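Below is one structure, written out as structure tokens; comments come after it.
The values are calculated or read from the model by the stated rules, or taken from the named source; none is laboratory data. Keep in mind the model is a prediction, meaning the values are calculated, not measured. FYI the Cβ positions are ideal-geometry reconstructions off the backbone, even for glycines, and counts take in every protein chain you see. All accessible areas refer to the heavy atoms of the entire protein, side chains included, with ligands and DNA or RNA removed. Shrake-Rupley method; radii C 1.70, N 1.55, O 1.52, S 1.80 Å.
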Amino acid sequence: MSAIPPCDSAAINQAMERKVPKTFDRFSGAVTRAVGSPFAFGLASAAVLLWAATGPMFHFSENWQMVINTGTTIVTFLMVFLIQQAQNKDGVAVHLKLNELLASHRDASNRLVSIEDLDENELRTLRAFYGRLAKLAADNGGLKESHSLDEAEALDDMKDAAQQRQRAPSPRAEPTTAETKEHSS
């Protein structure tokens, strides 16, 4: 009897871990594109019309109603997973593209790279942060005036200081010695 070669289960698991998600990804992408087509919509509409047309033949029985209910429930249940897979992939791709744009632009704030990993409270804080930025930019001459909150706050502080200097009464300057001599003569 010949011996069966030992099985390298780790190698098989690694191959399966790469192959299964890749296959599912391709499958979900193809199905999502197919069911989002006008042809698929027409096919689904035709199926519903055919079902409705057979109602009188089956006397609108409970079994007749169960056919459409069961069919649509199964299709909906399975499509949720396929569409979610496609949405997840598209979402990651969009975030990566946006991260690349942020990282490559000299004036962009790198605080936003990987913002999708923040929790809801952190996102609310950032929304308030950028709301302040928009208000400062609007107050300082337009939304295109500054690139970051730090820059906008520094500009706002400079403007406030300049306005305070303009409003402050200027102290009366003491006359110079030459002016004093001219007035006394």
Of everything in segment 95-118 that's open to solvent by 80 Å² or more (accessible area, probe 1.4 Å) and not in a helix (DSSP H, G or I), which residue is farthest from PHE27 (Cα to Cα)?
ARG106
So, first residue within 17 Å of ARG127 (Cα to Cα) and touching a residue at least 24 places away in the same chain (Cβ under 8 Å) in segment 100-114, second residue open to solvent by 80 Å² or more (accessible area, probe 1.4 Å) and not in a loop (DSSP other than H, G, I, E, B), Cβ within less than 9 Å, six or more apart or across chains; the pairs are ALA108/LEU101; SER109/ASP150
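Kindly indicate the residue of segment 1-28 that is among the polar types (S, T, N, Q) and at pLDDT below 85 and also least open to solvent (accessible area, probe 1.4 Å) among those meeting that condition.
Quick first cut of segment 1-28, residues among the polar types (S, T, N, Q) only: 2, 9, 13-14, 23, 28.
Subset that is at pLDDT below 85: 2, 9, 13-14.
Working: SER2: 108, SER9: 70, ASN13: 87, GLN14: 107 Å².
Out of the qualifying residues, it is SER9.
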Given the structure, is PHE81 under 30 Å from ALA52 (Cβ atoms), at pLDDT 80 or above and not charged (D, E, K, R)?
yes
Just checking, does segment 29-37 include any residue being open to solvent by less than 60 Å² (accessible area, probe 1.4 Å), under 30 Å from GLU116 (Cβ atoms), within 33 Å of the chain's Cα centre (by Cα) and of a type in the set (Ser, Thr, Tyr)?
yes
Would you confirm whether or not segment 39-56 contains a residue that is more than 22 Å from SER28 (Cβ to Cβ), open to solvent by 70 Å² or more (accessible area, probe 1.4 Å) and not in a helix (DSSP H, G or I)?
yes
Tell me, please, whether a residue that is surrounded by 11 or more Cβ atoms within 10 Å (Cβ to Cβ), in contact with a Phe, Trp or Tyr (Cβ under 8 Å, 6 or more places away or on another chain) and touching a residue at least 40 places away in the same chain (Cβ under 8 Å) can be found in segment 83-94.
yes
